[in-house]
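Have a look at the structure below before the remarks.
The values are calculated or read from the model by the stated rules, or taken from the named source; none is laboratory data. For clarity, every value in this text was computed on a predicted model and none was experimentally measured. Cβ atoms come from the backbone with ideal geometry, glycine included; neighbour counts cover every protein chain shown. The accessibility values were calculated without ligands, DNA or RNA, using every heavy atom of the protein model including side chains. Shrake-Rupley method; radii C 1.70, N 1.55, O 1.52, S 1.80 Å.
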Amino acid sequence: MTTSTGLPVDADEILSHGKHAENIPLSEVVSALSAEEKDKLLGKYDMRRFVKIFEDGETMQTVKGFLGNGMNISLTARNTYMHRNTLMYRLNRIRKITGLDLRNFEMAVTFQILYFLYKNK
């Protein structure tokens, strides 16, 4: 069931408890989704492709570093002691496998949501 905001009831409750949106972890919002909504999201993607990325520790460290550095390629390369071209290669590989370009904010959020759902299944 959704509310007038279009959010599932539980997610809407999280937002209405006086918390500022920037203080709510994405994982908390995702965990508040109903099982039906979670299945609906997962059904839109070939999760076998994502599992290849999710189970690859080195690739996920790259993803976490990239997202943790505000999706800034230069900063991520510098902070992870990785050549910029290596980082670009890995991001392109993720795009080819999953269809999501993590340099695009909406796609990066989608990737994060799918990762949370995968981890907590």
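Do you know which residues across the range 106-121 are assigned to a helix (DSSP H, G or I), loosely packed, with under 15 Cβ neighbours inside 10 Å and of a type outside the set (A, V, I, L, M)?
Those that are assigned to a helix (DSSP H, G or I), loosely packed, with under 15 Cβ neighbours inside 10 Å and of a type outside the set (A, V, I, L, M): 106, 119.
Among what's in the range 51-81 and is exposed (fewer than 12 other Cβ atoms within 10 Å of the Cβ) and of a type in the set (Ser, Thr, Tyr), pick the residue that is nearest to residue 109 (Cα to Cα).
74
Could you list all residues from the range 38-50 that are open to solvent by 50 Å² or more (accessible area, probe 1.4 Å) and either outside any helix (DSSP H, G or I) or more than 29 Å from residue 80 (Cβ to Cβ) (or both)?
Applying the first criterion (open to solvent by 50 Å² or more (accessible area, probe 1.4 Å)) to the range 38-50 yields 38-41, 43-46, 48-49.
Matches in the range 38-50: 38, 39, 40, 41, 43, 44, 45, 46.
From 84, 103, grab the single residue that is more than 26 Å from residue 33 (Cα to Cα) and either open to solvent by less than 30 Å² (accessible area, probe 1.4 Å) or among the charged types (D, E, K, R) (or both).
Of the residues listed, the single one that is more than 26 Å from residue 33 (Cα to Cα) and either open to solvent by less than 30 Å² (accessible area, probe 1.4 Å) or among the charged types (D, E, K, R) (or both) is 84.
Looking for something touching a helix residue (DSSP H, G or I) at 6+ places or on another chain (Cβ under 6 Å), at pLDDT below 90 and either of a type in the set (Gly, Ala, Ser) or part of a strand (DSSP E or B) (or both) - is there at least one such residue anywhere in the range 21-30?
yes
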